[in-house]
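Visitor: Mind looking over this structure? Questions follow.
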Amino acid sequence: MEKETFFKYWEVIFLPKISELNRKTNNAVYLQDEKVGLVWQEFEKLNQSVLKKIENPIEQKDRHKVASVLAGALLKIEPLFYPKDAEDPLVFLANEILAFHGSLGIVRSIRIKCAHEEKDSVVETILKKNFIFPPCPPPYEDYLLHIYKSLHYSKINTSFDIFLFAHILFLIESYTILQAKSQIMEKIHG
């Protein structure tokens, strides 16, 4: 990802999510502007490390891996400030929430562009809506909260796995498309 692309994503995907988190937490969460450049530097460092492990040039540009590398950079740099004694998950998991939704935003953006180029209007339309997440049966917690907590523990344990998270992003994208297509078929065939 070029630096210009990173800052475009930052403006279009990440800043709106930060504003939303700020509103939902009554201004308890805010961006430390000086850390944005550090996120880019960490992304570059992690990306170079990942590229050394992947020989296939097509896989090197995989949207899920790019998004996952950026999530890893966000988790390491933690650009969002919040009170360290916060008990509200929206506050103390703010960086994890940003990493997850920002990653999905990148996956969505790139996949919509690909679908448009491939003239796949169904997938393009599906991904312009929200992602669909698998349900968690009671008494288990919400799927998103589970992901946020998993990212939090991987950050604490310095065990974030870029390739595993890329696969999770792939599965969410695939699940969304399959579920939406299934819903379309149900409407058509009753």
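Visitor: Can you tell me which residue in the stretch 127-183 is nearest to Lys53 (Cα to Cα), limited to those that are charged (D, E, K, R) and surrounded by 15 or more Cβ atoms within 10 Å (Cβ to Cβ)?
Guide: Lys155
Visitor: Just need a number here: residues in the stretch 18-46 that are out of contact with any Gly (no Cβ under 6 Å at 6 or more places or on another chain), in a helix (DSSP H, G or I) and not aromatic (Phe, Trp, Tyr).
Guide: 18
Visitor: Just to check your reading of the model, which residue among Ser174, Ser154, Ser159 is without any contact (Cβ under 8 Å) to a residue 40 or more places away in the chain and either assigned to a helix (DSSP H, G or I) or of a type outside the set (Ser, Thr, Tyr) (or both)?
Guide: Exactly one of Ser174, Ser154, Ser159 is without any contact (Cβ under 8 Å) to a residue 40 or more places away in the chain and either assigned to a helix (DSSP H, G or I) or of a type outside the set (Ser, Thr, Tyr) (or both), namely Ser174.
Visitor: Now, a different point. Need at least 3 residues that are at pLDDT 90 or above, in contact with a strand residue (DSSP E or B) (Cβ under 9 Å, 6 or more places away or on another chain) and within 20 Å of Phe160 (Cα to Cα) per element, so show me which helices (runs of 4 or more DSSP H) inside the stretch 75-137 make the cut, counting only ones lying wholly within it.
Guide: Helices (runs of 4 or more DSSP H) meeting the threshold: 94-117.
Visitor: Moving on. Within the stretch 77-91, can you find the residues that are in contact (Cβ under 8 Å) with a residue 12 or more places away in the chain and surrounded by fewer than 19 Cβ atoms within 10 Å (Cβ to Cβ)?
Guide: Residues satisfying the conditions are Glu78, Phe81, Pro83, Ala86, Asp88, Pro89, Leu90.
The values are calculated or read from the model by the stated rules, or taken from the named source; none is laboratory data. In this text the structure is predicted, and so the values were computed from the model without any measurement. Methodologically, a virtual Cβ is constructed for each residue, glycine included, from the backbone with ideal geometry; neighbour enumeration extends over all protein chains shown.
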